[in-house]
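Asks: Here you go, one structure.
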Amino acid sequence: MKDHLPPPPQADLRGPDEVMRLARMGAAFPTRLSFLRVLLRRLGAEGAELRRPVWNIDAQGYGHAVYSIALGGRDYSLVAVATHLPDAQRTDRVIATAWDSSYVLFDGVPQDYDIARICANAPLQEAGRFTERDLVLSRANKSVRLFDHAVAALRAGRQPDAALVRDTGYLMRTTAVYGNGKFGIADRDLFADRPGLSGPFAAEMLTVWMIRAFTHDLVAHLGGAPLDRHLRRQLGIGNSTGLGMAPFLVSHPVLLNNWMMAREIALARVLAQPSVSPAQAETLRRLARRAAQHLAEWQVPDPAYQGRIATMRLEWPAVIAALGDETFSTFQPLDRVMTRTRTLSCDTQELTAALLIEPFGDLVDGLAEGMSDPHGPQALRLADTGALRDAIAARFGWALAIDFDDPEEIRQFWYVSEEKLEPRLGDRFAEPGAERESPLDIARRVQALWRDLPEAAGELRAFRLAHPEHELALTRVACAVRQPFSEIRDNLISARCLPIDMLRCKLAFFGASKFDPKSDRWTRITLAQGAPLPDEVSQPDADDWWLPVFAS
């Protein structure tokens, strides 16, 4: 049986000291293991059909709609609520109290009373009342310039300006997509074992994809005509993401390990292939040309980030050149391609890794099944304090090398704001609140644990009783023994720590592209751009939307 076949051969994995550095995590690109890609492949395999049983939107574009879809043998519904929002109140910041639209992913098909309840509460977001039938809560604002232009163009009998569609990429952008029990909605444990929703953030990705369909329909409703199919495919969902997302990768070490491990095994399997077929070689070349166009279309205002994009544009022709017949006639040609990027920027290396994985779904898609974390960190028995010391030396040498007497290495501190219950980052020497610091200072804690360990091996239980302040650090060390990719190998309280790197890493696993940082603490991105439309998910080429470009 297939289940008993040995795993495919794989090359050596890239090590955590390379992969888990913030600079490389902040260069991540989406792959075919990204959660939205995995979800849409599942919908396609099941022949899922998106239905719209309710459309109660008035001539001004306000009201509600319901979209329903079957996934894994169950129905799920998006209840979308569109409300009037004065321009002065439109902000993507977490301090906002009103939005152009709000959404709930409902477990099942809602009855009239469910819809009425959601319509009353979804626009209130945090202030609303929700139940365990509500799986995801979200809100979104219009990209006013493109939204209004698209409506006006359709009313005038023409399609929106293609360049504006290309440069914007979405009609609305979400400012939050809440799951896992936030504000009274369902805990993830209630549906984590369901087929189709068991993968990481599957419910949230389903919500985003359905919101995208609503934005297309809303513009068509107001414009009196449908958007061209090609334009609809290029219109994803924008997202504004800030510090609230960053601590997740620290507080979920096993999940982080499983995501990174799956991607690294995927790359290692591909690099170990002794040869590639002519069809696979041509697919790689075609996708490399697409990546070049994607880079050409990727424009951001931030000078430093645009500089990185410009460097990739200059370096990418060398990657394309490496995909020639001469390379493909050698043994393990893809390993040769990856090796050639070692002299190029980290960004180009990570883009190449994503490219090489893409044509090999038969080798790597099954790895998505191991990217969730149903158990969390599990206890690991270390024989004594000597074994603990050895584990720290082997896996946290990077932490021991940090000079925490240097004020710049402890300048920042993480905390949770009292008003919005959202993570924040403060300056330890200029702002109050350091006494309420969140425990994201893993490196400092592990170093403190190391200093208190005795030189001679002793009973670990006695040490833990004498030093309860080190329990978190000890847990992280034990986790790192089992899960080598569980720890970000950088000082997260250093003045040099850029949260944007953590954001990009996580968002790339979601499937995001077109990263547009507005500071080192928040970014705009696009999700589902180029993704199949509801009536396209079962088509043979539905999954061919890695790094979408406007001409595709």
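Every number in this text was worked out from the coordinates using simple rules, so none of it is lab data. Just so it is clear, the model here is predicted, and its values are computed rather than measured. When we count neighbours, we look across all protein chains shown, and the Cβ atoms used for this are built from the backbone with ideal geometry, even at glycine.
Asks: What distance in nm lies between label points placed 7 Å from Cα along the C-beta direction at SER438 and ALA495?
Replies: Each label point lies 7 Å from its Cα, and together they span 2.3 nm.
Asks: In whole Å, what three semi-axes, largest first, describe the equivalent ellipsoid of the chain built from its Cα gyration tensor (square root of 5 times each eigenvalue)?
Replies: Values: eigenvalues 294, 184, 106 Å².
Semi-axes from the Cα gyration tensor: 38, 30, 23 Å.
Asks: Of SER77, SER538, how do they rank once you tally other Cβ atoms within 10 Å and put the fewest first? Can you show the working numbers first?
Replies: On the way: SER77 25, SER538 14.
Fewest to most other Cβ atoms nearby, the residues stand as SER538, SER77.
Asks: May I pose another question? When ranked by the protection proxy of mean other Cβ atoms within 10 Å per residue, highest first, what sequence do the peptides 500-506, 203-209, 151-157, 367-373 form?
Replies: Numbers: 500-506: 23.3, 203-209: 26.0, 151-157: 14.9, 367-373: 17.7.
The packing order, highest mean first, is 203-209, 500-506, 367-373, 151-157.
Asks: Using only the Cα atoms, work out Rg/Rh for segment 385-482, with Rh taken as the Kirkwood radius, to two decimals. Please report the intermediate quantities before stating the final value.
Replies: Values: Rg = 15.3 Å, Rh = 14.8 Å.
Rg/Rh for segment 385-482 comes to 1.03.
Asks: Could you work out the Kirkwood radius for segment 1-69, taking every pair of different alpha carbons, averaging 1/r and inverting it, reported in Å?
Replies: Numbers: mean 1/r = 0.0575 Å⁻¹.
Across segment 1-69, the inverse of the average 1/r is 17.4 Å.
Asks: Could you pull the Cα extents of segment 46-242 along its three principal axes, largest to smallest, in whole Å?
Replies: 48, 40, 33
Asks: Here's something else I'd like to know. Could you give each residue of segment 116-129 its phi-based ³J(HN,Hα) in whole Hz, using Karplus coefficients 6.51, -1.76, 1.60 with θ = phi - 60°, and x for Gly or Pro?
Replies: Calculated HN-Hα couplings, in order: 4, 4, 5, 4, 7, 9, 4, x, 7, 6, 4, 7, x, 10 Hz.
Asks: OK, next. Nearest 20 debye, what's the magnitude of the dipole of the chain about its Cα centre given +1 on Lys and Arg Cβ and -1 on Asp and Glu Cβ?
Replies: Numbers: 64 positive and 71 negative charges, 180 e Å.
Using Cβ point charges on Lys, Arg, Asp and Glu, the chain gives about 860 debye.
Asks: Further, regarding this structure: In degrees from 0 to 90, rounded to the nearest 10, what is the angle of the helix 385-395 Cα long axis to the longest principal axis of the chain?
Replies: In the chain, helix 385-395 runs at an angle near 50 degrees to the longest axis.
Asks: Contour minus end-to-end for PHE429 and SER345, with contour as 0.36 nm per residue of separation and end-to-end as the Cα-Cα distance?
Replies: Details: separation 84, 0.36 × 84 = 30.24 nm, distance 3.44 nm.
Once the chain is fully extended between PHE429 and SER345, it gains 26.8 nm.
Asks: Report Rg (one decimal) and Dmax (nearest whole number) for segment 484-524, counting Cα atoms only, units Å.
Replies: Computed over the Cα atoms of segment 484-524, radius of gyration and Dmax are 11.3, 32 Å.
Asks: Net charge around SER68, counting only other residues with Cβ within less than 13 Å of its Cβ (Lys, Arg = +1; Asp, Glu = -1)? Can you show the working numbers first?
Replies: Details: positive: ARG51, ARG52, ARG74; negative: GLU49, ASP75, ASP107, ASP114.
Computed value for this residue: -1.
Asks: In degrees, nearest 10, range 0 to 90: what is the angle between the Cα axis of helix 202-223 and the longest Cα principal axis of the chain?
Replies: 30
Asks: Just subtract the alpha-carbon distance of ARG286 and ALA96 from 0.36 nm times their residue separation and send over the number in nm, one decimal. Present the calculation step by step, with values, prior to reporting the outcome.
Replies: Numbers: separation 190, 0.36 × 190 = 68.40 nm, distance 4.34 nm.
Extra length available between ARG286 and ALA96 comes to 64.1 nm.
Asks: Hey, how many Å between the Cα centroid of segment 352-392 and the Cα centroid of segment 317-350?
Replies: Centre-to-centre distance over Cα atoms comes out at 26 Å.
Asks: Let me ask something additional. For segment 290-395, what ratio Rg/Rh do Cα atoms give with a Kirkwood hydrodynamic radius?
Replies: 1.15
Asks: Out of residues 5 or more away from VAL54 or on other chains, whose amide H comes under 5 Å of its own, with H placed 1.01 Å from N in the peptide plane?
Replies: Here the answer is VAL66, since their amide H atoms fall under 5 Å of that of VAL54.
Asks: Separate question: Would you kindly state how much longer the chain becomes between ALA457 and ASP520 on full extension, computed as 0.36 nm times their sequence separation minus their alpha carbon distance, in nm to one decimal? Please list the in-between numbers first.
Replies: Details: separation 63, 0.36 × 63 = 22.68 nm, distance 4.35 nm.
Here the answer is 18.3 nm.
Asks: Summing -39500 (n - 2.57) over the DSSP H runs of n ≥ 4 in the chain and dividing by its residue number, what mean residue ellipticity at 222 nm do you reach, to the nearest 500 deg cm²/dmol?
Replies: Working: 22 runs with 224 residues, N = 552.
When only DSSP H runs of four or more count, the value is -12000 deg cm²/dmol.
Asks: If you filter segment 433-511 for GluC sites (Glu not before Pro), then keep DSSP loop positions with at most 11 other Cβ within 10 Å, what is left?
Replies: Numbers: sites: GLU435, GLU437, GLU455, GLU459, GLU469, GLU471, GLU487; in loops: GLU437, GLU455, GLU459, GLU487.
Taking segment 433-511 and a limit of 11 other Cβ atoms within 10 Å, the loop GluC sites (Glu not before Pro) found are GLU455, GLU459.
Asks: Moving on to the next point. Over segment 44-203, what is the mean sequence separation of C-alpha contacts under 8 Å (at least six apart), divided by residue count, expressed as relative contact order in percent?
Replies: Values: 287 pairs, mean separation 28.7, N = 160.
Relative CO of segment 44-203 lands at 18 percent.
Asks: Go through segment 1-80 and name the trypsin sites (Lys or Arg not before Pro) that are in a DSSP coil and have 15 or fewer other Cβ atoms within 10 Å of their Cβ.
Replies: Values: sites: LYS2, ARG14, ARG21, ARG24, ARG32, ARG37, ARG41, ARG42, ARG51, ARG74; in loops: ARG14, ARG21, ARG32.
The qualifying sites: there are none.
Asks: Can you grab the distance from the C-alpha centre of segment 425-473 to the C-alpha centre of segment 8-22, Å, no decimals?
Replies: Going from one Cα centre to the other spans 28 Å.
Asks: Against the longest alpha carbon principal axis of the chain, how many degrees, from 0 to 90 and to the nearest 10, is the axis of helix 144-155 turned?
Replies: With both axes taken from Cα atoms, the answer is about 30 degrees.
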